[in-house]
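In what follows, a structure is listed as structure tokens, so that the remarks can point back to it.
The values are calculated or read from the model by the stated rules, or taken from the named source; none is laboratory data. Keep in mind that this is a model prediction, so the values were computed, not measured. Please note: Cβ atoms are built from the backbone with ideal geometry, for glycine as well, and neighbour counts cover all protein chains shown. Accessible surface areas use protein heavy atoms only, side chains included; no ligands, DNA or RNA. Shrake-Rupley method; radii C 1.70, N 1.55, O 1.52, S 1.80 Å.
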Amino acid sequence: MADTLLQVTDLSAAIEEGELLHHINLEIGAGETHVLMGPNGAGKSTLGYTLMGNPNYRVTGGKIVFDGEDITALSADKRAQKGMFLSFQNPLEVPGLSLESFLRNAIRQKTGKPLKIFQFKKELESTMELLGMDESYAERDLNVGFSGGEKKKAEILQLLMLNPKLAILDETDSGLDVDAVRVVSRGIEEYQKKRNGALLIITHSTRILEYLQVDYTHVLVKGNLVHTGGAELVDEINERGFERFVEA
């Protein structure tokens, strides 16, 4: 494994209704691509939210170490500043805030440095071109009136512009047609290969994985991480589903 970027040790988490994650152990190395799969209701999104510090999910045991630092008690914005990123399964609409303004503010918050506007605009234009996004979207309110595919492209645009050390992508291919999946995958591949970013891809589908190099595949069932394998595990799940993991 590459130098460890994320180390999750014996992690359990809960909401008011009860515990959702049970003693999760997971390591992700710099530049690696990990896939998290499991049946509906397994807790996949819960793990993503917990890793990112969503306050609705309370850590009841274990710890999260990112880039050598224990971040278990840090807020989500602090984790983002340190280089973590989470894309949402259902991106929120934000009236009154343009996509470009949002990106400017996010980059300033992450780096803590003034933004070089010319350089920012040049990178924004080239990245939008890569994703097949019309430049006019930069001036539109964030996700307002965007189609499902456009929202997912905007999420990948944020990923590429922010260039985090670790990106957690939650059901990024959900609801996309074949062409949109191809475009989104192109953006993820750009992040994966040219920017050497680490990925945790949460999915119940495998369409998006056809275009990516997968290092490890994990199976989550009822809040328990029950199995880890390589890329070949994706093919097995495609053929046989999760039955053997659920039974075990």
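Give the separation of the Cα centroids, the range 29-92 to the range 218-235, in Å.
So the separation of the two Cα centres works out to 17 Å.
For Leu86, enumerate residues with amide H under 5 Å from its amide H, sequence gap 5+ or separate chain, H modeled in the peptide plane.
For Leu86, whose amide H was placed from the backbone, the distant partners under 5 Å are Ile168.
Can you say what percent of the DSSP beta bridges in the chain, counting only those with both residues inside, are antiparallel? Round to 5. Working shown, then result.
Numbers: 24 of 41 bridges.
Of the beta bridges lying entirely in the chain, close to 60 percent run antiparallel.
Pull out the extension gain between Ser174 and Lys222, defined as 0.36 nm times the separation in residues minus the alpha carbon to alpha carbon distance; nm, one decimal. Please report the intermediate quantities before stating the final value.
On the way: separation 48, 0.36 × 48 = 17.28 nm, distance 2.11 nm.
The Ser174-Lys222 span can extend by a further 15.2 nm.
Near the amide H of Ser205, under 5 Å away, which other amide H atoms are found, from residues 5 or more places off or on another chain, if H is placed in the peptide plane?
The answer is none.
Provide the per-residue ³J(HN,Hα) series for the range 83-98, in order, calculated from phi with Karplus coefficients 6.51, -1.76, 1.60 and θ = phi - 60°, each as a whole number of Hz, with x at glycine and proline positions.
Rounded to whole hertz, the list is x, 9, 9, 10, 8, 9, 5, 10, x, 7, 8, 10, x, x, 10, 6.
At 0.36 nm per residue, and after removing the present C-alpha to C-alpha distance, how many nm does the segment from Glu125 to Tyr211 gain when stretched out fully? Spell out each step's value before the answer.
Numbers: separation 86, 0.36 × 86 = 30.96 nm, distance 2.38 nm.
Here the segment from Glu125 to Tyr211 would lengthen by 28.6 nm.
I'd like the accessible area for Asp235, computed on protein heavy atoms only with a 1.4 Å probe and all protein chains in place. Round to 10 Å², please.
Result for Asp235: roughly 90 Å² accessible.
What is the packing order of peptides 106-118, 216-228, taking the mean over residues of other C-beta atoms within 10 Å and listing the highest first?
Details: 106-118: 11.5, 216-228: 19.7.
Most protected by this proxy first, the peptides run 216-228, 106-118.
As a test of the formula, what do you get for the chain when each DSSP H run with n ≥ 4 contributes -39,500 (n - 2.57) and the sum is divided by the residue count, at 222 nm and rounded to the nearest 500 deg cm²/dmol?
Working: 8 runs with 88 residues, N = 248.
Result for the chain, helices only: -10500 deg cm²/dmol.
Using only Cα positions of the range 55-185, each an equal point scatterer, no hydration layer, compute I(q)/I(0) via Debye at q = 0.10, 0.20, 0.21 Å⁻¹ and quote the log10 values to two decimals.
Once normalised to I(0) and log-transformed, intensities are -0.35, -1.25, -1.33.
So how strong a dipole does the chain carry about its Cα centre when Lys and Arg Cβ are +1 and Asp and Glu Cβ are -1, to the nearest 20 debye? Don't skip to the end; give the middle numbers.
Numbers: 27 positive and 37 negative charges, 183 e Å.
That gives the chain a dipole magnitude of about 880 debye.
Computing the accessible area with a 1.4 Å probe over protein heavy atoms, can you report the carbon and sulfur percentage for the chain? Walk me through the numbers on the way to the answer.
Working: 5580 of 11890 Å².
With neighbouring chains kept in place, the figure for the chain is 47 percent.
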